[in-house]
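K.L.:
One structure follows; several queries about it will come next.
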Amino acid sequence: MVVMPFDTTTRSPGTRVALFFAALFVAAAINTAFLPLWFADRGIGPGAIGQILGAAALLRVITGPIWGTLADRLGRRRPVLLGAAIVATLTSLLYLALRDLLPLLLLSVCQASAASALNPLVDSLALALARERRLDYGKVRAVGSAAYMVATAATGWLLTRTGTWIVPILLALAYGGSAAAATTLPSAATPRLAAHPFAGLRLLTQRPFRRIVLASALIQGAHAAYYGFAPLFWRSQGFSDSTIGLLLAEAIIAEVALFAWGRRLVERLGPPGLTACAAAASVLRWGVTAAAPPLSVLAVVQVLHAATFAMQHLSAMLVLSRAIPPERAATAQALHAALGMGAPTGLMMLLSGWVYARWGGLVFLLMAVLGGAALPLASRLPRAVV
């Protein structure tokens, strides 16, 4: 689990999983931070960008659990991860041929369908290997976050020199790297799940699962305006693409620090404390961002990404690793990703596009309210960790 000691005699599985995380998070950085700028530079307005990103996120609600159930029934994650990464690579290249809203929306949801398999399945694999004491989840996951940080800073620097036309090519290279890394992934001793048409719905009958999904929906969903419109908002304040890349990278530095060195803090707080910190930090972070503060202040609040994202992510991983049997791990991860991230992010992305087009940065006040609404849930989460 997240807090298990790292077995130094089995570094190879950790290295291979870390390489997949790194490639995947480079793709995530480009997708999140710079694809909206690519859309904007092709004449797509904020409302339409919200529709594209929102529709893609909402489709993950359907496709994510399907991928997870498929992996559980096969008892193997690697072939599913490889196939999904190849499709994501090919769809990224197709962006180069499109300019109109409807084709871009359709392509975006196709890419999202493929990409929805990657993060939940590699997370479930990493947690399964951690239970076998073959890797340390936090440190392996930190490699992905570090890759995200480097990718945001480097891509921001590159785009100031090349323009955004190169974004689809970079995205395809990153997903292609994920496909290559998928061929080397280790296997975990996961029992094959007997076919059952309502496996995912059965998970929703478990109270800890329902509560962590709801907490994640509120806190992670409150990142929708950040993922979709922070670069555009900061551009409107006069920040360069290079500065925007550094701001995004700075947030990930804090995230990496928590994943890599925050084990004792995670153990002490447990899911209730982690979720409470994430919800409280959401109120502060998004409230300050809405005020369009000077760069020095914005740089300080970006550090809160360690709380608003990473603490809630770790809280969810702790609950899922404890409450879900191994044979349903991939389904649980995919369902949490769909209902705890995909659906709320998609809905809030659609709303954020509409609000941002009318009131600009005030959309972040809405995010502050949404994230803060998770505070009452924190004390009701299970305390025990693995």
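The values are calculated or read from the model by the stated rules, or taken from the named source; none is laboratory data. Keep in mind that what you see is a predicted model, and the values were worked out from it rather than measured. Here the Cβ is made from the backbone with ideal geometry for all residues, glycine too, and neighbour counts use every protein chain on show. Remember, those area values only see protein heavy atoms, side chains included, never the ligands or the DNA or RNA. Shrake-Rupley method; radii C 1.70, N 1.55, O 1.52, S 1.80 Å.
K.L.:
May I ask you to list the residues in the range 119-151 that are more than 13 Å from the chain's Cα centre (by Cα), among the basic types (Lys, Arg) and at pLDDT 85 or above?
P.N.:
The answer is Arg134, Lys139.
K.L.:
Given the options Leu247, Leu214, name the one that is modelled with pLDDT of 90 or more and either β-branched (Val, Ile, Thr) or closer than 21 Å to Ala57 by Cβ (or both). Step through it out loud before you land on a result.
P.N.:
Details: Leu247 fails: either β-branched (Val, Ile, Thr) or closer than 21 Å to Ala57 by Cβ (or both).
Answer to the check: Leu214.
K.L.:
Just a yes or no: is a residue in the range 220-237 open to solvent by less than 40 Å² (accessible area, probe 1.4 Å), under 16 Å from Leu314 (Cβ atoms) and not in a helix (DSSP H, G or I)? Step through it out loud before you land on a result.
P.N.:
Going residue by residue through the range 220-237, those that are open to solvent by less than 40 Å² (accessible area, probe 1.4 Å) are 220-226, 228-234.
Keeping just the survivors that are under 16 Å from Leu314 (Cβ atoms) gives 220, 223.
After this cut, where a residue has to be not in a helix (DSSP H, G or I) as well, the list is 223.
Looking for residues that are open to solvent by less than 40 Å² (accessible area, probe 1.4 Å), under 16 Å from Leu314 (Cβ atoms) and not in a helix (DSSP H, G or I), one finds at least one in the range 220-237, hence yes.
K.L.:
Just the residues that are of a type outside the set (A, V, I, L, M) and either part of a helix (DSSP H, G or I) or closer than 11 Å to Leu125 by Cβ (or both), please, taken from the range 172-189. Give the steps one after another, and end with the answer.
P.N.:
Here is the first cut: in the range 172-189, the residues of a type outside the set (A, V, I, L, M) are 175-178, 183-184, 186-187.
Correct list: Tyr175, Gly176, Gly177, Ser178, Pro186, Ser187.
K.L.:
With a cut-off of at least 1 residues that are of a type outside the set (S, T, N, Q), within 17 Å of Leu320 (Cα to Cα) and open to solvent by 10 Å² or more (accessible area, probe 1.4 Å), name the helices (runs of 4 or more DSSP H) lying wholly within the range 52-143. Don't jump to the end; show me each part of the working.
P.N.:
Details: elements: 78-94, 101-115, 118-131.
Ranges flagged: 118-131.
K.L.:
Among Ala307, Ala299, Ala280, Ala290, which is the only one that is open to solvent by 10 Å² or more (accessible area, probe 1.4 Å) and in contact with a Phe, Trp or Tyr (Cβ under 7 Å, 6 or more places away or on another chain)?
P.N.:
On the way: Ala307 fails: in contact with a Phe, Trp or Tyr (Cβ under 7 Å, 6 or more places away or on another chain); Ala299 fails: in contact with a Phe, Trp or Tyr (Cβ under 7 Å, 6 or more places away or on another chain); Ala280 fails: in contact with a Phe, Trp or Tyr (Cβ under 7 Å, 6 or more places away or on another chain).
Among Ala307, Ala299, Ala280, Ala290, only Ala290 is open to solvent by 10 Å² or more (accessible area, probe 1.4 Å) and in contact with a Phe, Trp or Tyr (Cβ under 7 Å, 6 or more places away or on another chain).
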